[in-house]
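Input: a single structure, listed below in structure tokens.
A short reminder: the numbers here are calculations on the coordinates, not readings from a lab. As the structure is a prediction and not an experimental result, all values here were calculated from the model. Positions of Cβ are backbone-derived with ideal geometry, glycine not excepted, and every protein chain shown enters the neighbour counts.
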């Protein structure tokens, strides 16, 4: 069977179901590959390192052959990435999909229309005309992957997944880059190796933030004496939330599901500005975490703006909090070892 052509993407809000429905295989361009720093030729140095490392990969040719790339206009840095991609990778067409900052009936309708426009672009790239049936099939493919990862998350929380959360992150990376049929088969194989009895110890912590695809980061947490019991990351559970596409308009249902999943810091509710802080507290309590670690990319203005409220909310609840920043390299992760060890030691 011929391998499906790939569509590159970089954001957890990307409509993966539509990429499946158009006959493509989604391929997340992760910033976890060492490439020469060339993005500075076209982007400012003080810009999101996630964006710059994705562009480094594009300029170095370290991504597989792509039929196109779908970028979400989730923040100014991602918008700049779409602009830069058009300049340095003219051989790979790109689509920029606008993503609402707030969530209500009007913005769901707007996003639904953006998804329709995206579907039209995907059809032009692949020549496959989408129908409600093919979109439903694409949603089904996405949900099959999501369901398997949900089971692996449960095993990791119970201490029954060999390799723990580092292995879970490897599974996320696999699911976001491999063809769907291959990903499903390999996820099933991982699940079949579940342990009969729990293993592991350490201080239970909840991790949230944006980009942290390196399994080595979770190994570092564990080596410092932490036991990750839950995460909310755009390179983890946030990307693979289930989609509910029931109803007469599947595109609107997909839009509602994507906007309704656990929001990252770039989504804002003017009537409830402390929403992110409350969500972090709720999730930490839900997972029985004794501490919370935030890991975000440098220069991420949405998270920089929200972090004081998160810190205050956790302090009120008596939950220790550690905020870390990185540049999407293992070098920057390793530099946090001493801070992590001291943070965990305080709770022993």
Using a Förster distance of 35 Å, the FRET efficiency for residue 116-residue 342 (Cβ separation, nearest 0.05): 0.10
Please work out the ratio of the alpha-carbon Rg of the range 1-141 to 2.2 N^0.38 Å and round it to two decimals. 1.06
Listed residues 200, 159, 225; largest mean-square fluctuation, Gaussian network over the chain with Cα springs below 10 Å, found at 200
To one decimal place, what Kirkwood hydrodynamic radius in Å is obtained for the range 191-348 from all pairs of distinct Cα atoms? 16.9 Å
Zero-based 20 Å bins, Cα pair distances in the chain, whole percents: 30, 61, 9
What distance in nm lies between label points placed 7 Å from Cα along the C-beta direction at residue 271 and residue 86? 3.6 nm
At a 10 Å Cβ-Cβ cut-off, how would you order 4, 298, 52, fewest neighbours first? 298, 4, 52
Label the range 189-238 by shape, choosing from rounded, prolate and oblate, from the square roots a ≥ b ≥ c of the eigenvalues of the Cα gyration tensor; if a/c is under 1.5 it is rounded, and otherwise prolate applies when a/b is larger than b/c, oblate when it is not. oblate
For the chain, what is the mean residue ellipticity at 222 nm derived from helices alone (per DSSP H run of n ≥ 4: -39500 (n - 2.57); sum divided by total residues; nearest 500 deg cm²/dmol)? -15500 deg cm²/dmol
From fewest to most C-beta neighbours within 10 Å, the residues 281, 33, 207 line up as 33, 281, 207
Under 19 Å from the residue 278 label point (7 Å along Cα→beta-carbon), backbone N, the range 299-317: 306-317
Any idea how far the Cα center of the range 134-174 sits from the one of the range 55-86, in Å? 26 Å
Among 142, 44, which comes first, then next, by fewest other beta-carbon atoms within 10 Å? 44, 142
Using only the Cα atoms of the range 100-147, build the gyration tensor, take square roots of its eigenvalues as a ≥ b ≥ c, and label the shape rounded, prolate or oblate: rounded if a/c is under 1.5, else prolate if a/b is larger than b/c, else oblate. oblate
Please compute the length gained on full extension between residue 123 and residue 197, using 0.36 nm multiplied by the number of residues separating them and subtracting their Cα-Cα distance. 21.8 nm
Extent of the range 1-68 along each principal axis, from alpha carbon coordinates, in Å, largest to smallest? 41, 24, 18
